[in-house]
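Just below is one structure, and these are the notes that go with it.
Readers should treat all values here as calculations from the given coordinates under stated rules, not as data from a laboratory. Quick caveat: nothing in here was measured; it's all calculated off a predicted structure. Quick reminder, even Gly has a Cβ in these numbers, built from the backbone with ideal geometry, and neighbours come from all protein chains shown.
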Amino acid sequence: MGWVRFRRSWGVALVCVLAVAGGRQASAMSCGELRLMTASGVIGPLQSYVASARCGEEKSVDNGTKLTWHGLESSSTNFSFWMDVVGKASWDRKTGLATEQLKITGDATGQRVAKGICNQDPFLKDPPGGAATCHQVSAQYKSSAGPIYEWFTQPSFFLARTISLGEAQALSQQKGSSPPHPAPAPPPPHPMPHSLSSPSGSRVWEGEDLFKDKKVELAGGKLGVQSMQGFGPDWSGNAQLLWGEGSVGAVLDLSVDVKTAGYYRVRLALTRGPDFGVFQAEVDGKKSSQKFDGYSPRVTRVEALDLGTFSLSPGPRYVSLMIIGKNSRSTGYLVGIDRVTLTPAPAPAKPGEMKRLKQPGPSRP
């Protein structure tokens, strides 16, 4: 049997009722036992998943009644249909192309391919930046045996909004951090500090270490560590602290320990991308004049956002970020922090203060 093709524009919707195409009545078939087996590139330029599900239907068909020696008797016949579905799905952040390939086995056997253009990952329940909207969706089904159900030919994704972002990220990071044949690394002689010092006296905190050490406080959204290996070598430690599901007014406090009182220049290494927001910063309660627009058509790293020079006393001090909006071209409010750097600095000049120049002495005859 050849390929059956359908096409239309659509908004993502979860398939609930699966009907037999061409039948007089719709047969209620349910799908369950959905399992995400692998995920890669989440959240990255190309997000990919492999998932499985089992779909089934059990029904009783009334054969009618007939007159017998014992009176009227009715009879029915029980039917059951079962099939296993294994799907490979991917979404290209740059082009917006979403692709889904299904292999169907059991009482119905065949292959299904669906494609469309989406502004977000259509397979995630909770994609950063909001629910996906897709258009130019097409579906093809090639049957090998068994009935052709209506959902086989509908222009939609079978796995639409079925995958949890948290689970997908965890599997993606696990896959990225486990090469096929890793070489065992010797343990360091001493525990590695989570803040590094340079000869200039600068101290550096990795964003992912602040999260692991619980040096963060959040009011709005969710935090997690994101592997950045898929975006290139620019991110220190190949990871960042990702702040997602935030909105305007959400605040993230990063706690850094200051050893000696003095003036410090505070810088952030950050990430830009197509679904990143705009934030305003404060250091130890003092507002920075800098606002950071995280939008970029592709995922890139910003080496140093200079928040300014601040007087800090010893102890834990907060670098605070507040989401204040987003670029009109951005699809979300993500914030990515690679590292925080504090560098000793001279006291800034007071308002109105001018440096005095040494006046030249009288010339000798």
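For each of Y49, Y263, count neighbouring Cβ atoms within 10 Å of the residue's Cβ, then give the residues from fewest to most.
Starting with the residue having the fewest Cβ neighbours, the order is Y263, Y49.
As a test, work out the antiparallel percent of DSSP beta bridges whose residues both lie in the range 194-344, rounded to the nearest 5.
Given both bridge residues lie in the range 194-344, the antiparallel proportion sits at roughly 95 percent.
In whole Hz and in residue order, list the ³J(HN,Hα) couplings for the range 151-166 that follow from phi through the Karplus curve 6.51 cos²θ - 1.76 cosθ + 1.60, θ = phi - 60°; x for Gly and Pro.
Per residue, the Karplus-derived 3J(HN,Hα) values read 5, 4, 10, 6, x, 7, 9, 5, 8, 4, 6, 10, 10, 7, 4, x Hz.
Please report, in debye to the nearest 20, how large the charge dipole of the range 91-165 is about its Cα centre when each Lys and Arg carries +1 at its beta carbon and each Asp and Glu carries -1 there.
160
Taking the beta-carbon count within 10 Å as an exposure proxy, list K259, K115, K326 from fewest neighbours to most.
Going from least to most buried by this count: K259, K115, K326.
Going by average Cβ neighbours within 10 Å, how do the peptides 221-231, 284-294, 101-111, 335-345 rank, with the highest at the top?
335-345, 221-231, 101-111, 284-294
Show me, for the range 242-254, the HN-Hα J-couplings you get by feeding each phi into the Karplus relation (A = 6.51, B = -1.76, C = 1.60, θ = phi - 60°), rounded to Hz, glycine and proline as x.
With the stated coefficients, the range 242-254 comes to 9, 10, x, 6, x, 8, 4, x, 5, 10, 10, 9, 9 Hz.
Place a point 7 Å from the Cα of S311 along the Cα-to-Cβ direction; which residues of the range 263-303 have their backbone N under 11 Å from it?
263, by backbone N distance to the label point.
Pop a pseudo-label 7 angstrom from the Cα along the beta-carbon direction at both V258 and K212 and give the gap in nm to one decimal.
Each label point is offset 7 Å from its Cα along the Cβ direction, giving 2.7 nm.
If you add up the charges near K103, with Lys and Arg at +1 and Asp and Glu at -1, over every other residue whose beta carbon is less than 10 angstrom from its beta carbon, what do you get?
+1
Give me the aspartates and glutamates in straight-line cross-link reach of K103: C-alpha distance below 19 Å, same-chain residues under 8 apart excluded.
E33, E57, D84, E150
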